[in-house]
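**Student:** Below you will find the structure I want to go over with you.
Bear in mind these aren't lab numbers, they're just calculated from the coordinates by the rules spelled out. Not measured: the values here are computed from a predicted model. Positions of Cβ are generated from backbone atoms using ideal geometry, with glycine treated the same way; all protein chains shown enter the neighbour counts.
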Number of protein chains: 2
Amino acid sequence: MNQLRWDPTLGEWVAYATHRQDRTFLPPAEYCPLDPTKPGGFPTEVPRESYDIAVFENKFPSFTPDAPEPDGEGGALTPTAAGRGICEVVLYSEDHYSTLATMPEGRIRDLVEVWADRYGELGALPYVEYVFIFENKGEAIGVTLHHPHGQIYAYPFVPPRPKKELEAAREHRDGTGNCLHCDLLAGELEDGRRVVAEGEHFVAFVPFYAHFPYEAHVYTRRCAPSISDLGAAERRDLARVLKRLLVGYDDLFGFSLPYMMVMHQAPTDGGDHEGVAHFHIEFYPPNRTADKLKYLAGSETGAGAFVVDVLPENTAGTLRKAIGGAGA
Amino acid sequence: MNQLRWDPTLGEWVAYATHRQDRTFLPPAEYCPLDPTKPGGFPTEVPRESYDIAVFENKFPSFTPDAPEPDGEGGALTPTAAGRGICEVVLYSEDHYSTLATMPEGRIRDLVEVWADRYGELGALPYVEYVFIFENKGEAIGVTLHHPHGQIYAYPFVPPRPKKELEAAREHRDGTGNCLHCDLLAGELEDGRRVVAEGEHFVAFVPFYAHFPYEAHVYTRRCAPSISDLGAAERRDLARVLKRLLVGYDDLFGFSLPYMMVMHQAPTDGGDHEGVAHFHIEFYPPNRTADKLKYLAGSETGAGAFVVDVLPENTAGTLRKAIGGAGA
């Protein structure tokens with residue numbers, strides 16, 4: 001069952017997907033369902049002996065293309081809708097023990113291509129309003145499979161957080177004529193203290209108003225609305241900057257750093273997002289130290305107010321050192 | 001250092017409190033800083049040999065009354081402000097091993113009195129716009145001290161989540177003349193499937209659009225804007241309904257259930273919140289089963305879109321059984 005229910009107090013859809021309760025949970029490495037299927041071995045979700053990058057529909061999807069219309073549930077205040085959408089799994093490598101950070105830059109470059117392809121194809125579906133590309137990495141984030149992979153949720157609505165960001169950017173553009181993200185990036189570059197890696201086309205920085213201690217954003221210098229709008233040189237540079245940031249993350253505490261990686265870009269709802277949407281990638285590592293996590297507890301979850309223990313200038317300095325010098 | 005920084009992409013304040021990084025982290029029970037100070041023993045934060053309920057300022061506050069004005073940081077797009085406010089700790093009992101669920105109903109009744117008192121006193125401070133009463137319970141939520149206690153954050157702004165709720169309620173009232181929460185409660189009572197405990201003045205239910213599997217809201221039947229507005233009979237009934245819900249939570253899986261408990265009520269910003277703010281308490285337990293947690297990962301944190309594995313009707317049924325029958 002895939003159903004959406006409207007929360008009228010927060011003005012947002014909540015998705016219900018009742019078959020997900022039984023999804024595969026941290027299987028032993030030799031039974032990884034994301035490994036290639038070896039001759040004579042058990043059949044995994046990839047019916048091939050080897051692969052580079054693989055994309056397929058999630059077996060336990062939060063949204064499905066054929067979700068039925070809800071029958072008689074809900075009311076005027078709390079409408080319901082079919083949970084129509086697509087959930088895909090993106091396998092980064094057949095090597096169970098690799099991570100995005102340990103991939104060669106060329107593989108990340110290929111991944112950018114795959115992400116752009118999926119954004120275009122899923123976004124073209126009439127019921128998909130937002131293509132959300134992300135990765136949950138590490139048990140601290142709650143991953144249920146260790147094999148290196150990301151996910152794509154093609155939502156039937158523009159989700160609350162990108163929506164808020166787009167509204168703010170639209171208001172800024174209407175007021176100033178400028179792209180909000182271009183203005184913010186210019187400010188970060190001018191200040192410089194929070195910039196952690198600079199490429200020709202992309203810049204990674206800890207935002208002035210980071211919600212997580214080691215949060216980092218990767219912005220395209222040019223105001224490109226989506227990953228599909230990037231040219232070949234930009235895609236190469238994105239892979240390069242991502243690789244540098246990820247290697248720095250792992251050097252930070254000397255272990256493979258857990259994180260959420262999320263991409264914000266133009267909705268695919270048919271609206272005009274030129275000069276409003278500005279493609280960028282946000283990383284939220286949960287660690288506040290090597291052995292302590294930032295929890296989203298009462299203040300964050302119940303009030304929506306983030307409290308952070310450390311200034312972005314300081315974490316950016318540490319992260320920049322781990323990366324080995326910005327602009328290098 | 002207590003500083004606020006404005007996030008112009010989300011339109012919200014982020015608070016920085018840089019001394020909190022070193023706060024006490026899961027000390028052994030015999031060194032609990034929230035126990036009473038025993039004769040000849042080490043001095044705890046409570047310089048008394050015994051107490052029932054105790055309230056004092058948090059030693060590691062996210063906001064302080066005398067936070068200095070930020071000096072030269074920020075800009076037009078990303079202003080800063082002093083992190084002025086008050087953070088209090090509310091000790092529920094001197095018994096280190098008790099929980100709110102195991103307290104006698106009379107103690108919870110006394111706590112309601114304390115909460116109402118703190119709401120009034122902190123809310124009267126000129127720089128406090130919102131008094132947020134909450135409890136983070138259990139290591140799964142990230143508590144750093146096990147002693148039974150709650151917290152109060154007196155924010156210098158109305159935090160994002162209550163703000164959104166108040167805006168929705170104001171729009172509803174302007175459009176219909178009704179209180180949004182009164183209308184939602186009437187709908188839940190008429191449907192009945194998600195009601196888990198009914199008192200004379202308070203009702204506990206799993207909302208139709210729950211974001212967490214076993215989320216429960218405790219609404220006052222009368223449209224009281226804040227906990228201070230409750231009369232003696234209402235306060236008694238609130239304690240009774242809370243006790244029943246909490247005992248049910250612990251019976252659910254046979255262990256003391258972790259949760260976030262948060263109170264939403266009228267801001268103390270001098271505005272008119274009559275018919276808009278409706279005092280209620282929300283509980284978010286992180287468990288989706290006895291041994292699996294709901295994580296706020298990519299979709300929830302990066303997109304703001306919640307995906308839930310189980311329907312509120314089902315969890316409400318289970319919770320109602322654990323409580324021992326609604327209305328009993």
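**Student:** With respect to B:A197, determine if the residue is touching a residue at least 60 places away in the same chain (Cβ under 8 Å) and assigned to a strand (DSSP E or B).
**Tutor:** Yes: the conditions hold for B:A197.
**Student:** Just give me the residues in region A:172-219 being over 28 Å from B:S62 (Cβ atoms), surrounded by fewer than 21 Cβ atoms within 10 Å (Cβ to Cβ) and of a type in the set (V, I, T), in sequence order.
**Tutor:** Matches in region A:172-219: A:T176 only.
**Student:** Scanning for something more than 26 Å from B:M103 (Cα to Cα), within 13 Å of chain A (Cβ to nearest Cβ) and surrounded by fewer than 16 Cβ atoms within 10 Å (Cβ to Cβ), does region B:36-47 turn up at least one residue?
**Tutor:** No, region B:36-47 contains no residue that is more than 26 Å from B:M103 (Cα to Cα), within 13 Å of chain A (Cβ to nearest Cβ) and surrounded by fewer than 16 Cβ atoms within 10 Å (Cβ to Cβ).
**Student:** Looking for something in contact with a strand residue (DSSP E or B) (Cβ under 6 Å, 6 or more places away or on another chain), crowded, with 21+ Cβ neighbours inside 10 Å and among the basic types (K, R) - is there at least one such residue anywhere in region B:294-310?
**Tutor:** No, there is no match, as no residue in region B:294-310 is in contact with a strand residue (DSSP E or B) (Cβ under 6 Å, 6 or more places away or on another chain), crowded, with 21+ Cβ neighbours inside 10 Å and among the basic types (K, R).
**Student:** Taking the conditions exactly as written (surrounded by 15 or more Cβ atoms within 10 Å (Cβ to Cβ), within 8 Å of chain A (Cβ to nearest Cβ) and in contact (Cβ under 8 Å) with a residue 40 or more places away in the chain), does B:A17 satisfy them or not? Steps first, answer last, please.
**Tutor:** Details: surrounded by 15 or more Cβ atoms within 10 Å (Cβ to Cβ): yes; within 8 Å of chain A (Cβ to nearest Cβ): yes; in contact (Cβ under 8 Å) with a residue 40 or more places away in the chain: yes.
The answer is yes for B:A17.
**Student:** Looking at A:L252, is it more than 14 Å from chain B (Cβ to nearest Cβ), under 17 Å from A:T99 (Cβ atoms) and touching a Pro at 6+ places or on another chain (Cβ under 9 Å)?
**Tutor:** Yes, satisfied.
**Student:** Still on this structure: Take A:Y97 and decide whether it is under 29 Å from A:L26 (Cβ atoms) and among the aromatic types (F, W, Y). Walk me through how you get there before you give the answer.
**Tutor:** Numbers: under 29 Å from A:L26 (Cβ atoms): yes; among the aromatic types (F, W, Y): yes.
Taking the combined requirement at face value, the residue satisfies it.
**Student:** Have a look at B:C223, B:C182 and point out the one that is in contact with a His (Cβ under 8 Å, 6 or more places away or on another chain), within 14 Å of chain A (Cβ to nearest Cβ) and touching a residue at least 12 places away in the same chain (Cβ under 8 Å). Let's see the steps before the verdict.
**Tutor:** Values: B:C223 fails: within 14 Å of chain A (Cβ to nearest Cβ).
Being in contact with a His (Cβ under 8 Å, 6 or more places away or on another chain), within 14 Å of chain A (Cβ to nearest Cβ) and touching a residue at least 12 places away in the same chain (Cβ under 8 Å) holds for just one of B:C223, B:C182, which is B:C182.
**Student:** Taking the condition of being more than 17 Å from the chain's Cα centre (by Cα) and of a type in the set (A, V, I, L, M, F, W, C), how many residues in region A:213-223 meet it?
**Tutor:** Total satisfying the criteria: 1.
**Student:** Additional query: Do the conditions hold for B:D52, that is, is it more than 14 Å from chain A (Cβ to nearest Cβ), of a type outside the set (A, V, I, L, M) and buried (at least 20 other Cβ atoms within 10 Å of the Cβ)?
**Tutor:** no
**Student:** Looking only at region B:20-54, how many residues end up being of a type outside the set (V, I, T), over 14 Å from B:E94 (Cβ atoms) and either outside any loop (DSSP other than H, G, I, E, B) or touching a residue at least 24 places away in the same chain (Cβ under 8 Å) (or both)?
**Tutor:** Number satisfying all stated conditions: 9.
**Student:** Same structure, new question: Quickly run through region A:119-156 and pick out the residues that are touching a Phe, Trp or Tyr at 6+ places or on another chain (Cβ under 8 Å) and free of Cβ contacts under 8 Å to residues at least 40 places away in the same chain.
**Tutor:** If the condition is that a residue be touching a Phe, Trp or Tyr at 6+ places or on another chain (Cβ under 8 Å) and free of Cβ contacts under 8 Å to residues at least 40 places away in the same chain, then A:G142 is the only one that fits.
**Student:** Looking at B:P104, is it surrounded by fewer than 22 Cβ atoms within 10 Å (Cβ to Cβ), more than 23 Å from B:R235 (Cβ to Cβ) and of a type outside the set (A, V, I, L, M, F, W, C)?
**Tutor:** no
**Student:** Tell me which residues, restricted to region A:243-286, are out of contact with any His (no Cβ under 6 Å at 6 or more places or on another chain) and of a type in the set (D, E, K, R).
**Tutor:** If the condition is that a residue be out of contact with any His (no Cβ under 6 Å at 6 or more places or on another chain) and of a type in the set (D, E, K, R), then A:K243, A:R244, A:D250, A:D251, A:D269, A:D272, A:E274 are the ones that fit.
**Student:** Among the listed residues B:V310, B:V262, identify the single one that is over 23 Å from the mean Cα position of the chain (by Cα) and of a type in the set (V, I, T).
**Tutor:** The match here is B:V310.
**Student:** Within region B:294-327, track down each residue that is more than 10 Å from chain A (Cβ to nearest Cβ) and either touching a helix residue (DSSP H, G or I) at 6+ places or on another chain (Cβ under 8 Å) or in contact (Cβ under 8 Å) with a residue 12 or more places away in the chain (or both). Write out each step before concluding.
**Tutor:** As a first pass, look at region B:294-327 and keep what is more than 10 Å from chain A (Cβ to nearest Cβ): B:315-327.
Those that are more than 10 Å from chain A (Cβ to nearest Cβ) and either touching a helix residue (DSSP H, G or I) at 6+ places or on another chain (Cβ under 8 Å) or in contact (Cβ under 8 Å) with a residue 12 or more places away in the chain (or both): B:T315, B:A316, B:G317, B:T318, B:L319, B:R320, B:A322, B:I323, B:G324, B:A326, B:G327.
**Student:** Let me ask another. Go through region B:266-293 and count every residue that is more than 8 Å from chain A (Cβ to nearest Cβ), of a type outside the set (G, A, S) and farther than 30 Å from B:P225 by Cβ.
**Tutor:** Looking only at that region, the number is 2.
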